[in-house]
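Peer 1: Below: one structure in structure tokens.
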Amino acid sequence: MRFRHPDGTTVHLSYCTNVHPAETLDGVLAQLRDHCEPVRRRLGRDRLGIGLWLAKDAARALVADPAALRALRSELDRRGLEVVTLNGFPYEGFGAQQVKYRVYQPDWSKSARLAHTADLARILAALLPADVTEGSVSTLPLAWRTCFDDAASRAAHHALTTLARRLDALEELTGAAIRLALEPEPGCTVETAADAIAPLAALATPRIGLCLDTCHLATSFEDPNTALDALTAAGVTVPKAQLSAALHAEHPRLPGVRKALAAFAEPRFLHQTRTLTRPLRPGEAPSADVLRGTDDLDEALAPGALPDTAPWRAHFHIPLHAPPAPPLASTLPVLHDTLTRLVGGPAPLTRHLEVETYTWQALPPASRPRNRAQLADGIAAELHLARELLTGLGLKELP
């Protein structure tokens, strides 16, 4: 969906297709038919934006066969779908029964990550709507924090500078300005927006900025205004933002709260869990001396694993329109505050917004959609909520 900002800028809203992942090109085409078009129809729109996730094999097939790429573009048009952003974080296997740490491989020290992301940029340049010249690709924030030494850091820096040059050449060839967006995530080398400033400044290229995921931001207890003030002061841009909500437990010491949290501990995805050892001061970014955490929710629930006198937040993407029942909550207010800052001012700080709730089938059993129709209903409800937030900030929905 497209929205007109009061300054005249077009802001794009999409939803990410990693919620129904496919590893092959045939699977991607089936997604468009079985999921994306039904969501569009539920919203009553002639055009719906999707943040396309393309696994390594699907991306390779499109790059190797220009006819297949043209056919994908035609299929998008036929089904009333448009693509201005790709999710390049998962490389492959995102639909596996256990993803966990695998999602961070290959990292940016590996040549395969550069090759895959370059493929995605070429594909996106060909998929952009005729009246759009700017695209974005989100990616992992360098690497998972372990086994990332100085040599790996240098290799990642070289890969990203190489990609920036390729993106420059791609724009010269096609006219499409594709930008990469590193997505801070708890547990990674770049965990917070504050962590991103130094590596992005070192790259010194406008081709690479930040993907601000509001679930990750909230999980690390970052204040949206503090984070965005620091990014703006450092000259770091936000090519893309992902609209998502984390799981929040106000009183994790209580047995009933811990029991409710345990229902969200599941074997497929990591659910990094964080708490603060003291309240943050105004304008303070969370740092290692005040932020405590575990790599997964079941680890946090082990006796004594985390301090439990202050709220906990877990990296579990909660459907935007359906917060968990008390005593738990979601961090939707953080999303609202972030969105207000991103697009509620005199000029938007980003033009690409993507709803990214990929955890529908990881929810506690009673909350999971039981069929495609229920999943489409839920995704449409999330997009409707995002639409209401945007129009409430003064943006006008476009046909």
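The values are calculated or read from the model by the stated rules, or taken from the named source; none is laboratory data. On a predicted model such as this, the values are computed, not experimentally measured, just so you know. Here the Cβ positions follow ideal geometry from the backbone for every residue, glycine too, while neighbour counts run over all protein chains shown. What goes into the accessible areas is simple: the full protein's heavy atoms, side chains included, and nothing from ligands, DNA or RNA. Shrake-Rupley method; radii C 1.70, N 1.55, O 1.52, S 1.80 Å.
Peer 1: Rank these by accessible area, largest first, 1.4 Å probe: Asp289, Asp65.
Peer 2: If we order Asp289, Asp65 from most to least accessible, we get Asp289, Asp65.
Peer 1: 7 Å from Cα along Cα→Cβ at both Glu75 and Ser367: what's the point-to-point distance in nm?
Peer 2: In this crude label model, Glu75 to Ser367 measures out at 3.2 nm.
Peer 1: Step through the residues of the stretch 289-294 one at a time and calculate ³J(HN,Hα) from phi using the Karplus curve (6.51 cos²θ - 1.76 cosθ + 1.60, θ = phi - 60°), rounding each to whole Hz and writing x for Gly and Pro.
Peer 2: So the J values, rounded to whole Hz, are 7, 10, 9, 10, x, 10.
Peer 1: What residues from the stretch 129-149 fall in the zone where the backbone N is under 20 Å from a label point 7 Å along the Cα-to-C-beta line of Asp7?
Peer 2: Label zone hits: 132-136.
Peer 1: Now for a separate question. Between rounded, prolate and oblate, where does the stretch 221-374 land on the alpha carbon gyration tensor, with a ≥ b ≥ c its root eigenvalues, rounded for a/c under 1.5, else prolate if a/b exceeds b/c?
Peer 2: Note, shape of the stretch 221-374 comes out oblate.
Peer 1: What does the accessible area per residue of the stretch 1-82 come to in Å², with a 1.4 Å probe and no ligands, DNA or RNA counted?
Peer 2: Computed with neighbouring chains in place, this is 38 Å² per residue.
Peer 1: Got a number for carbon plus sulfur as a percent of the stretch 136-241's accessible area, 1.4 Å probe?
Peer 2: 55
Peer 1: Then there is this: From the square roots a ≥ b ≥ c of the eigenvalues of the alpha-carbon gyration tensor of the stretch 40-95, which class results: rounded (a/c under 1.5), prolate (a/b over b/c), or oblate?
Peer 2: oblate
Peer 1: Something else about it: Expressed as a rounded percentage, what relative contact order does the stretch 261-352 have, with Cα pairs under 8 Å and six or more residues apart?
Peer 2: This gives 26 percent for the stretch 261-352.
Peer 1: Count the net charge of all other residues whose Cβ sits under 15 Å from the Cβ of Pro282, scoring Lys and Arg as +1 and Asp and Glu as -1.
Peer 2: -3
Peer 1: Leaving ligands and nucleic acids out of the surface, order Arg122, Arg370 by accessible area at 1.4 Å, largest first.
Peer 2: Arg370, Arg122
Peer 1: Another one. What's log10 of I(q)/I(0) for the chain at q = 0.15 Å⁻¹, Debye sum over Cα points only, no solvent?
Peer 2: -1.52
Peer 1: What does the charge count around His20 come to, taking other residues whose C-beta lies under 9 Å from its C-beta (Lys +1, Arg +1, Asp -1, Glu -1)?
Peer 2: Local net charge: 0.
Peer 1: Before anything else, pin down the relative contact order of the stretch 321-399: Cα pairs under 8 Å, at least 6 apart, normalised by residue count, whole percent.
Peer 2: 27
Peer 1: To continue, here is another question. Applying 1/(1 + (r/R0)^6) with R0 = 25 Å to the Cβ-Cβ distance of Arg253 and Val290, what FRET efficiency is obtained, to the nearest 0.05?
Peer 2: 0.85
Peer 1: For the chain, which span is the longest to avoid every loop-located (per DSSP) member of GluC sites (Glu not before Pro) having at most 14 other Cβ atoms inside 10 Å?
Peer 2: Segment 1-249 is the longest.
Peer 1: Heavy atoms only, probe 1.4 Å: what % of the accessible area of the stretch 289-399 goes to carbon and sulfur, would you let me know?
Peer 2: Roughly 56 percent, rounded to a whole number.
Peer 1: When only alpha-carbon atoms are used, what values of Rg and Dmax, in angstrom, describe the stretch 1-149?
Peer 2: Considering the stretch 1-149 through its Cα atoms, Rg and Dmax are 15.8, 50 Å.
Peer 1: Measuring from the lowest to the highest alpha carbon on each principal axis, how far does the stretch 123-271 reach, largest first, in angstroms?
Peer 2: 60, 40, 33
Peer 1: A follow-up question, please. For the chain, what is the percent of antiparallel DSSP beta bridges, rounded to the nearest 5?
Peer 2: 40
Peer 1: With an 8 Å Cα cut-off and a minimum separation of 6 or more residues, compute the relative contact order for the chain in percent.
Peer 2: 20
Peer 1: Karplus couplings for the stretch 99-114 from phi (6.51 cos²θ - 1.76 cosθ + 1.60, θ = phi - 60°), rounded to Hz, Gly and Pro as x?
Peer 2: After applying 6.51 cos²θ - 1.76 cosθ + 1.60, I find 9, 6, 6, 4, 5, 8, 10, x, 8, 6, 8, 9, 5, 5, 5, 4 Hz.
Peer 1: Let me ask you something else. Within the set of other residues whose C-beta is less than 15 Å from the C-beta of Asp77, count the net charge using Lys and Arg as +1 and Asp and Glu as -1.
Peer 2: +3
Peer 1: Under a 1.4 Å probe, what is the accessible area of the stretch 200-289 per residue, stated in Å²?
Peer 2: 37
Peer 1: Here's something else I'd like to know. Please list, ordered by chain and number, the residues whose modelled amide H lies under 5 Å from the amide H of Gly135; skip anything fewer than 5 residues away on the same chain.
Peer 2: Answer set, sorted by chain and number: Ala177, Ile178, Arg179.
Peer 1: If I stretch the segment between Thr162 and Arg41 completely, what's the gain in nm (0.36 nm per residue apart, minus their alpha carbon distance), one decimal?
Peer 2: 39.4 nm
Peer 1: Identify, among Pro199, Leu306, Val132, the residue whose Cα sits farthest towards the positive end of the charge dipole of the chain, taking +1 on the Cβ of Lys and Arg and -1 on the Cβ of Asp and Glu, with the dipole about the Cα centre.
Peer 2: Positive-most Cα among the choices belongs to Val132.
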